[in-house]
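The values are calculated or read from the model by the stated rules, or taken from the named source; none is laboratory data. Everything numeric in this text was worked out from a predicted model, so none of it was measured. Each accessible area value is taken on the protein alone, full model and side chains, heavy atoms only, with ligands, DNA and RNA left out. Shrake-Rupley method; radii C 1.70, N 1.55, O 1.52, S 1.80 Å.
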Amino acid sequence: LTGVLDDCLCDIESIDDFNTYKIFPKIQKLQERDYFRYYKVNLKRPCPFWADDGHCSIKDCHVEPCPESKIPVGIKAGSSNKYSKAANNSKELEDCEQANKLGAVNSTLSNQSKEAFIDWARYDDSQDHFCELDDERSPDAQYVDLLLNPERYTGYKGPSAWRVWNSIYEENCFKPRSVYRPLNPLAPSRGGDDGESFYTWLEGLCLEKRVFYKLISGLHASINLHLCANYLLEETWGKPRWGPNVKEFTRRFDPAETKGEGPRRLKNLYFLYLIELRALSKVAPYFERAVVDLYTGNGHEDAESKALLLDIFRDTKSFHMHFDEKSMFAGDKKGAKSLKEEFRLHFKNISRIMDCVGCDKCRLWGKLQTQGLGTALKILFSEKEIQSLPENSPSKGFQLTRQEIVALVNAFGRLSTSIKELQNFKVLLQQTR
C-alpha cells in the first residue's frame, strides 16, 4: 500500500511513520494502566434482531470476568460519569443527596410522572450517542481485564459470524436496491460483477454515506488483521503458540485472492485511523482541565496516566494531515441535520448488532471497538460544546463516561496495533517470496 488516501489529503507512508515512532509505543503503555485496562460490559444482553443461535463453545471464545476484589477502589466506587476524585467523595455525594431531599419541590409526584422524567433524561442523554450503551448497573454487567482477555483468533466463524457482518453491511450501509453486489466482503459475488460497478456507485454517493461505508469496512479490516496477527499456530501438550499467520493474511487481503478488494479494505483501515486520530486531537481540551483526573484511587498512577494521555494528545495535534470533518454535513441546515441523524441511527443500530455475536471474546472486542468509534463520532460532532467547556466544573453540554473514555483509547489502540501489524506482515511476505 502506498500513496494518497481517497477523501483526504494524507498519504499512507506518513501515517505509517507517525504511528510507528510516535503513537504506537505510547498508546501501548497507556492501555496497560489500570484506568484503561478494566472495561465494564454486559455480555449477556439478548440479540435484538433474531433468535439467538447459541454461544460459541470453543474454549478460546470464553471471557474471564474480573473478580470485584481486583478492581481498583476508585473505579469500583464511581458511577459512569464520575472520573474525578471530587466526584467519588462519598461524603459529598451523601450531602448532595440530603440537599436534594430537603430542597425537593414536590415529593408527591405520581409514579407515572417519575417514569416520564426518567425517560426524558434518558432521551436527552441518548441524543448525542452514536452507540447503544450497556447499563452498568445491570447485575449482568461485569468488569473485564482487557490485558487478560486479548483479541485474537478464536475459531468463531460460519453462519453466525456471517449473519452479523451481513446485517451490518446490507442493512446499515445506505445500500440502494439497484446495487446487486453484496457489500459484505465475506459473501460470494454474483455473476461477473468484479466490484467495479459497486465502486462507481460508491463514488457517486454523498461524502457522508461514503465515509460511513469506509468506517465499517475499516473496522472489519482492522478486526481481521488482529485475528491474522494473533492466530493459534499450534497447541502441543496444552501449550498454545500464538503468532502471525501469513497464509490467513494472504487469504483475506491479497489482491489476487480477493479480486482486488484486499488493498481497498486496508486503505479503509487507514481512513478509520485518521478519523479516530482527529477525534483524539479534538477532545484534548476536555481532558486538559484540572477537573478530570482519571481517578482509580492511586494518586501517583492517576497523575502518570493523565500525563501520558496529554502527551499522546500533543502528538495527535502535531500530525499535519488530519481529516477535515467540517466537509461533512455541510449542506443546507435542514438536510444536513436529517442526514446526521440518519448517520447516527445507522451506527447505533450496528452497536446493537454486536449483542448478536455468538463468541463472547469477539462480542467483547466488537462492542468495545464499536463504542470507541461511536465516541469518536460523538466528539467530532460536538466541537462547539468542547470549546466552551468550563475550566473548573463538570460540563453540562458535553460529557464522556468512563466507559466511553476506556473504549475510545482502546479502540484507537487496536487501530494503531493493526497498522503496526501490517508493517510486520510486509516483512514476513518479503521473507516468504
Excluding ligands and nucleic acids, what accessible area in Å² is computed for C206 using a 1.4 Å probe, to the nearest 10? 50
What is the distance in Å between the Cα centres of the range 246-273 and the range 354-382? 22
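Rolling a 1.4 Å sphere over the protein heavy atoms, what is the accessible area per residue of the range 278-378, to the nearest Å²? Intermediate values should be presented prior to the final figure.
Values: 3690 Å² over 101 residues.
Per-residue accessible area for the range 278-378 comes out at 37 Å².
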How long are the semi-axes of the equivalent ellipsoid of the range 296-433, defined as square roots of 5 times the Cα gyration tensor eigenvalues? Whole Å, largest first. 28, 24, 19
What figure, in Å² to the nearest 10, do you get for the accessible area of I15 with a 1.4 Å probe and non-protein molecules left out? 0
Computed from every Cα-Cα pair in the range 370-415, P(r) in 10 Å bins starting at 0 and rounded to whole percents is 28, 48, 23, 1
